[in-house]
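Input: a single structure, listed below in structure tokens.
Laboratory data are not the source of any read-out in this text; all were calculated from the coordinates shown. Remember, it's a predicted structure, so these values are computed and weren't measured experimentally.
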Amino acid sequence: MVDLVVGGTAVTAFIVIGTVGLAIVLLTLILGEVLDGLFGAFDIDAGGGVFSAPVIGSFLAAFGFGAALIMFATGVNATIGALGGLASGGVVGGFALLMMRSLMSMPTDETVTTRGLEGATAIVITPIPQDGYGEVTIRHHGEQRKYNAQAAEALPVGSRVEVTAVISASAVIVAPAAPDTPSDISES
């Protein structure tokens, strides 16, 4: 009965299944979260990513192409081909699941924000006029970052200053640093 599924042969049916799986994997690469969101509608809590688009697509591609290859190469019937396809789909789908889980649990650095800049020591790199903006460099989250800076008094290049307020994501208000303030800036 399975031999009469698509185009008269089960091999053709398995190739169609494999092509659908491959299309899902390719669409996941191109559309990413959009396609995974569609598969999220079937959100069954079976353990971290089992029903994600890459895992389902990988399983279907390996199942379909594996079963078709087994049937074509050995001449066995559709049932044996399907069992072999299940085995290959399980291996490839399991590998895709392991990769997805490792990518999802990969540690990342904290997102750099301006939170915590108040009190940081900075160096003036573009003179700050009394009524305008200059630039300072601040070591924040292990990175040297440049910010627009405003001060109550004019400050020349090379002045050590302390951030007193954050105006925006790219601008701060500074004041001259106390002479005994330790520098967290590497002056180069």
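A straight chain from Val20 to Ala171 at 0.36 nm per residue would run longer than the Cα-Cα distance by 49.2 nm. Using the alpha-carbon positions of region 121-176, Rg (one decimal) and Dmax (whole number) come out as 9.8, 31 Å. Taking each residue as 0.36 nm, the span from Arg115 to Thr74 lengthens on full extension beyond its C-alpha to C-alpha distance by 8.3 nm. With Cα atoms defining each centre, region 147-166 and region 53-81 are spaced 67 Å apart in the structure.
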